[in-house]
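Engineer: What follows is a single structure, and I will ask about it in a moment.
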Amino acid sequence: MVSKSRDLDEDDVRSRPARSTRPRTKDRPDYSNAKQALVIAVDRGRTTCITLEPATKSDEVITAMKSRELGRKSVVVGDIVGIVGDTTGDVGTLARIVTVAPRKNSLTRTVDDSAEMERMIVANVDQMAIVIASANPEPRHGFVDRALVVAFDQGIKPIIIVTKCDLADAKEFLTAYDDLDIEILKTQRGADLSEIRATLTNKKTVLLGHSGVGKSTLVNALVDAADRATGIVNEVTGRGRHTSSSALALRLNPTSLAERDFGASETGWIIDTPGVRSFGVAHIDSKRVIGAFTEFSEAIEHCPKNCSHNEESCALNSWDLDVTSKSRLESLRRLMQA
């Protein structure tokens, strides 16, 4: 059946609005008055910050979200950011993060050595505390070595903290790190933590370790009212259960939120991170790692181009090194093959 035609009127005509001839402005928003803040937690697109301005009675924890201006730029715990909008910290308010200050370093890992995607965990730290248990779960050289590689690459001072020392003696395990001049601290449940606390004071320290080694237990002992969830180790797999779901920065023995000032802390900050089961280092530049060992700098200048420092032609093989330096070089080469 053929439909009957009908007369058209103006309602049947769709007209496209004229394209704007207004030139695109190059002006960008002025965020010079943005408040500077420290990121202490990131979870599900919401960022928790504390302002870095002089403490006042109105200082509160501020919840913020990343603005479109930042694009794909990530925001992680430890970042110093500029925030605008509602920065009162009142319940239900939401500020915007509009700037991220240049980072002095970052802790980044890949899921494994074949993965191309890097994941940044924290930024702007002074120390990395590699937490291992003397037993349950058993310590692993592979994990410690990889963590050390990242620390040397980023110029972060590494520390090894051994927990559960009442269960076993980790002395033999730790001999592999004797020549690397790494501070090693030991503890167990209920032990005096004054030595560990002294090492963490006035520093920003990230805790890194496998699930079940006791990071959260240590945090709860170092920080009043931290209330980090703790878990147990599976007797079959020997692995711990994830208890911390996201990184969180905490001030050692905080008194009140109004007295927290990341830029002028007198007690130090620790950043608890989720337990890791894989720690790929495919993104690490080996030149930066060996560059952290200044005693080898002169010898490296005589190495062939693109030397990996593990082949026979490496100048370090024929360089006059003392016994200690040779031992350190062997340890360093092991790390570079981690």
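Nothing in this text is a laboratory measurement; each read-out follows from the coordinates by a stated rule. Everything quoted here is computed from the prediction, not taken from an experiment. Every residue, glycine as well, gets a Cβ built from its backbone with ideal geometry; the counts of neighbours run over all protein chains shown.
Engineer: Fewest first, what order do THR294, THR93 take by the number of other Cβ atoms within 10 Å?
Structural biologist: In increasing order of surrounding Cβ atoms, one gets THR294, THR93.
Engineer: Amide H to amide H under 5 Å from ARG119: which residues, 5+ apart in sequence or cross-chain, H placed 1.01 Å off N in plane?
Structural biologist: Sorted by chain and number, the residues that satisfy this are ARG109, THR110.
Engineer: Still on this structure, I have one more. Greater than 27 Å separation of Cα atoms is the criterion. Which listed pairs, LYS164/LYS203; LYS186/LYS287; LYS203/LYS326; LYS73/LYS215; LYS204/LYS305, meet it?
Structural biologist: As for pairs spanning more than 27 Å Cα to Cα, those are LYS186/LYS287; LYS203/LYS326; LYS73/LYS215; LYS204/LYS305.
Engineer: Taking neighbour Cβ counts within 10 Å as the exposure measure, how do ASP126, ASP145, ASP30 sort from fewest upward?
Structural biologist: The most exposed by this proxy come first: ASP30, ASP126, ASP145.
Engineer: Also, I was wondering about something else. Give me THR205, THR88 ranked fewest to most by other Cβ atoms within 10 Å of their Cβ, as a rough exposure proxy.
Structural biologist: Listed from fewest to most nearby Cβ atoms, that is THR88, THR205.
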